[in-house]
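Quick notes on the structure that follows.
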Amino acid sequence: MPMNDSQSTSALRRPARTVLALLLAACAACTSLTPTERPTRDTAALEERARAAAESGSLATAADLYTQLATASSGTARIDFLLEAARLAAEYGDTALARRRVTEARSGATVAQQQAGTVLLAKLELAEGRPQAALDMLAALPQALPEQAQRDAAAVRGQALFRVGRPVEAVRALVEREVWLTDADAILANQRMIWDGFSASPAVPAAAATGDSVVDGWLALAPLTASTGQELRRSLLGWRQTYPTHPAAAGLLAELLASQRSTAFPSQVALLLPLSSPQRTFALAIQDGFMAAHLRNANNTMTSVRVYDSARLGSRAAYLQAQLDGAEFIVGPLGRTEVDQVIEQAGFVPTLALGYATNDTALLRGFYQFALAPEDEARAVAVAAIAAGAKTAVAFVPSNQGGYRIRDTFRAAFEQAGGTLLDSYPYEPALQDFSAPTAALLNVTRSRQRHQRLAANLGVPVQFPEARRRQDVDMIFVVVADPGTGRLIASQLRFYGAGDIPVYANAEIFNPGSTARDNDLNGFIFADTPALVSPDGEAEALRADLQTYWPARTSLARYYGMGFDTYGLIASLYANDGTAWSRRGLSGDLSLDEQGRVRRVLPLAQFQSGRPVALDILSLQPIDSGRLIGER
């Protein structure tokens with residue numbers, strides 16, 4: 001039936017009113033959302049922002065962002081985001097907001113999500129001072145929970161048991177929880193929870209045997225929570241001797257002592273050196289450099305240094321005695337074997353060992369290592385040779401573990417920079433005639449063998465006036481124990497026609513105590529400490545001190561400089577907060593690697609006119625107009 005004008009107008013208005021109503025409803029929906037709950041189209045980017053905020057400690061911001069994610073999501077994802085917002089709100093103390101988010105998450109939650117919400121509500125009960133209510137809520141949950149919910153529930157249960165005066169049960173719950181943890185930080189946080197729990201418990205238990213050595217160890221720690229300062233240090237050391245393999249005997253105890261530090265520099269430093277051993281000469285040089293730095297530092301007048309003879313006491317006993325005497329920082333012992341001996345006791349007091357441990361120590365907190373390692377020299381040589389255009393190399397090293405270790409370090413650095421180590425030839429360090437190994441190094445032996453085979457096959461003498469050396473080598477890396485060995489090898493290299501090949505060596509090629517010119521070593525390039533190769537004002541003062549007060553120790557300048565640098569490293573290591581640092585020292589440009597080892601970047605020098613001349617590491621050109629090292 002045809003519509004009249006009024007009906008037509010009404011029909012036209014109805015869709016308009018419908019659209020208007022829909023728009024108003026949409027606007028109402030928009031205004032019902034708070035500014036932090038409006039959905040975003042790019043939820044992936046928003047989730048990344050939320051995670052970043054949580055990791056940086058901005059928990060309130062992260063909770064708001066997860067609430068936005070929940071608003072923009074549906075199904076189980078929405079519930080997960082709400083629960084995460086609740087967890088974060090609980091972490092920064094807004095229990096009311098956390099409860100609202102858990103309540104919102106109940107609608108449409110899976111069984112696992114409902115259980116996670118219950119654990120969160122129990123945590124809120126605990127936070128609001130109702131530990132028994134938290135325990136009652138957890139008791140209603142099934143035994144078999146998802147792994148994350150199980151860990152969270154155990155944490156709440158353990159803390160609640162401490163609050164209601166049941167510390168033994170609390171320790172058992174948290175010890176069991178630690179079994180499920182794999183992250184070192186999470187394990188440390190769990191151990192801290194037990195330590196803090198003793199302080200929060202109205203009934204601190206006396207040490208008693210429960211039959212579980214881990215639980216017994218924790219109960220023995222409980223009375224110590226009331227101690228501080230030196231009393232706490234001595235008590236913890238005594239506890240550790242009784243429970244040396246207890247899980248808390250490393251990370252937690254080190255953290256407890258670190259929390260007692262109130263100054264930027266330790267008030268007592270222990271120096272462990274083998275003063276009554278065959279290494280006495282080197283140990284005294286290190287001690288002299290260390291004390292020189294200590295006396296020169298006017299800011300550390302309140303710091304005392306106690307020296308322990310690790311040769312007389314034994315490294316383990318000296319290390320333990322230093323801790324018992326109240327050392328806040330330990331330097332030493334000296335040498336790889338001695339360092340290995342104290343590893344089991346380490347991680348308790350910040351330590352700078354004077355040598356590299358055999359085993360990996362990356363997870364050992366507060367344990368650092370410093371050595372005049374020839375491996376650092378090998379790395380410097382590799383970098384310099386590549387910068388000079390070398391692509392291929394051969395190495396001539398002593399046939400012992402140290403020689404092979406230096407060779408392997410050189411190979412890794414040289415090949416990482418794009419070079420190739422073609423061959424490596426070992427030699428016996430006690431040799432006085434290096435003609436045979438040098439001939440093998442340069443393939444002269446093979447050349448002669450080919451000549452002999454050719455003569456034998458032809459059956460007549462063959463003119464072969466000179467064996468030809470190999471032509472595929474851009475550089476030779478020679479490792480020596482002293483300049484005398486270097487001179488013998490140098491003469492053989494020249495004899496076999498290798499005088500035009502650049503030869504690099506380790507620092508032992510140079511004796512800083514010798515005033516004689518060593519023309520046999522002309523052309524040799526080596527890496528050495530800045531104190532000897534590129535001295536600054538402080539290094540020049542070191543040399544003047546040695547020449548004035550200890551002229552016989554000039555040859556030990558490297559060890560004196562090591563002692564000087566060791567003292568300078570204490571401030572950086574004692575207050576180490578994990579940030580990267582580097583500093584110029586007498587022993588090199590020093591920095592800390594992931595193993596806790598102090599690495600050195602070294603300058604170069606070359607023998608010219610019988611004395612070393614400092615070189616620019618990139619151009620290998622003389623520095624300071626070729627002034628000979630040691631000249632004024």
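The values are calculated or read from the model by the stated rules, or taken from the named source; none is laboratory data. Owing to the predicted nature of the structure, the values given are computational and were not obtained by experimental measurement. Every residue, glycine among them, receives a Cβ derived from its backbone with ideal geometry; neighbour counts consider all protein chains shown.
Taking segment 524-566 as the range and being within 20 Å of Arg280 (Cβ to Cβ) and at pLDDT 85 or above as the test, the residues that pass are Leu556, Ala557, Arg558, Tyr559, Tyr560, Gly561, Met562, Gly563, Phe564, Thr566.
Each row is one residue, and each column tells you yes or no for (1) of a type in the set (Gly, Ala, Ser); (2) under 25 Å from Leu188 (Cα atoms).
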position	(1), (2)
Gly326	yes, yes
Leu334	no, no
Val339	no, no
Ala346	yes, yes
Gly355	yes, no
Gln369	no, yes
Glu375	no, no
Ala380	yes, no
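Is it true that Ile509 is within 18 Å of Leu422 (Cα to Cα) and not acidic (Asp, Glu)?
no
Determine whether segment 368-375 contains at least one residue that is hydrophobic (A, V, I, L, M, F, W, C) and in a helix (DSSP H, G or I). Looking for residues that are hydrophobic (A, V, I, L, M, F, W, C) and in a helix (DSSP H, G or I), one finds none in segment 368-375, hence no.
Among the residues examined, Ala155 qualifies as part of a helix (DSSP H, G or I) and out of contact with any Gly (no Cβ under 8 Å at 6 or more places or on another chain). The set of residues from segment 384-412 being outside any helix (DSSP H, G or I) and within 19 Å of Ala481 (Cα to Cα) comprises Val394, Ala395, Phe396, Val397, Pro398, Ser399, Asn400.
Does Glu415 qualify as being out of contact with any His (no Cβ under 6 Å at 6 or more places or on another chain), in a helix (DSSP H, G or I) and in contact (Cβ under 8 Å) with a residue 40 or more places away in the chain?
no
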